[in-house]
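Input: a single structure, listed below in structure tokens.
The values are calculated or read from the model by the stated rules, or taken from the named source; none is laboratory data. All figures in this text were calculated on a predicted structure; none of them were measured in a lab. Note that we place each Cβ from the backbone using ideal geometry, even for glycine, and neighbour counts take in every protein chain shown.
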Amino acid sequence: MFSRKNKLLLLKFLSLFSVVRGYNILMVVVAQYLASIYILAPDLPLRKVIFDFNLFAIVLASALVIAGGYIINNFYDAEKDLINKPTKSMLDRLVSQRFKLSTYFVLNFLAAFAASYVSFRAVLFFSIYIFGIWLYSHKLKRIAFIGNFVSAILAIAPFFAVFVYYKNFATVIFVHAMFLFLLILVREMIKDLENIAGDLAQNYKTIPVLYGVRFSKRCISVLILLTLLPSLLLINYFDVGYMYLYFIGGIFLLIFFLVMLWKAKTKMHYVGLHNILKLIIVVGVFSILLINVDLVLNRIL
């Protein structure tokens, strides 16, 4: 049996894990390594990619900055989350704001330290990334269109860091990046619909607050249609192995998403739509393995 003190410590640990969204960070780490192995450096020996210390430092720095980003975002959104996510917010509040800020600075310092093992340019990149996350959390996220766009850019920045490290400028990589960027942008706009009550209360100038739910749905519909373009390009014009099956499935899910979007009226409907996008993104990460199912075995042998 846990003592009361141990239970409190466990709850605080769960609270901090909830704030930094450890499961999301794990997915980013997995995605960075899979993208490195299958897309960015497919000709390098598997062992050389996995045990590349510079790549490990970039992935570690990314994870630390993202964790810090979630903390600072939670810090600025504390009042809004009480309205939009009351249960999660109560768990998050088990850790004091002061402790969160201290952890935020420690994580960013450790990220810069990890990046310093790669190069000065890596330190500069992650310093700009840290500043960008802070600026977004403090100011930009309250501004319609700009907040959504910047959030999507920040979400794909860790992959840009790995992309620059390998200096692989193949067209297929840009098409993959555009697909992911558009998906994340749609997700950010769905979150605005999901959190409209808290945004109204806290005077956030999001698209649904300024222009209405119907206009927001129109914008999302356009983005969904744009997302179909890189999907079709990757299916028909690029060699993505069996991953084409993922993009075909993704197209059907996005069409279903579009139909359900125009039927959605309540917060639970938007939460369901958000979960569809999460499913597409998570399945997409592991579908990278389908690019060449024999690649790992061949490179080990």
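Within the group Ala177, Ala197, which residue is of a type in the set (A, V, I, L, M), surrounded by fewer than 21 Cβ atoms within 10 Å (Cβ to Cβ), touching a helix residue (DSSP H, G or I) at 6+ places or on another chain (Cβ under 7 Å) and more than 22 Å from Val271 (Cβ to Cβ)?
The unique qualifying residue is Ala177.
Would you kindly identify the helices (runs of 4 or more DSSP H) lying entirely within segment 23-116 that contain at least 3 residues that are within 30 Å of Ile196 (Cβ to Cβ), modelled with pLDDT of 80 or more and hydrophobic (A, V, I, L, M, F, W, C)?
The helices (runs of 4 or more DSSP H) meeting that bar are 53-76.
Which residues, counting only those in segment 38-68, are in contact with a Ser or Thr (Cβ under 7 Å, 6 or more places away or on another chain) and closer than 24 Å to Phe109 by Cα?
Correct list: Leu55 only.
How many residues are basic (Lys, Arg) and either out of contact with any helix residue (DSSP H, G or I) (no Cβ under 9 Å at 6 or more places or on another chain) or not in a helix (DSSP H, G or I) (or both) when one looks only at segment 240-294?
The qualifying residues number 1.
I'm trying to understand the selection: among the residues of segment 28-49, which are within 21 Å of Ala115 (Cβ to Cβ) and either surrounded by 15 or more Cβ atoms within 10 Å (Cβ to Cβ) or among the polar types (S, T, N, Q) (or both)?
Val28, Val29, Val30, Ala31, Gln32, Tyr33, Ala35, Ser36, Leu40, Ala41, Val49 - these are the residues of segment 28-49 that are within 21 Å of Ala115 (Cβ to Cβ) and either surrounded by 15 or more Cβ atoms within 10 Å (Cβ to Cβ) or among the polar types (S, T, N, Q) (or both).
Could you identify the single residue in Tyr242, Tyr237, Tyr270 that is at pLDDT below 95, of a type in the set (Ser, Thr, Tyr) and closer than 28 Å to Arg21 by Cβ?
Result of the check over Tyr242, Tyr237, Tyr270: Tyr270.
Within the bounds of segment 208-225, is there any residue that is in contact (Cβ under 8 Å) with a residue 24 or more places away in the chain and within 30 Å of Ala122 (Cβ to Cβ)?
No, the conditions are met nowhere in segment 208-225.
Do we find that Asn236 is at positive phi, surrounded by fewer than 17 Cβ atoms within 10 Å (Cβ to Cβ) and not assigned by TED's automatic domain parsing to the domain that holds Ala115 in this structure?
For Asn236, the condition - at positive phi, surrounded by fewer than 17 Cβ atoms within 10 Å (Cβ to Cβ) and not assigned by TED's automatic domain parsing to the domain that holds Ala115 - is not met.
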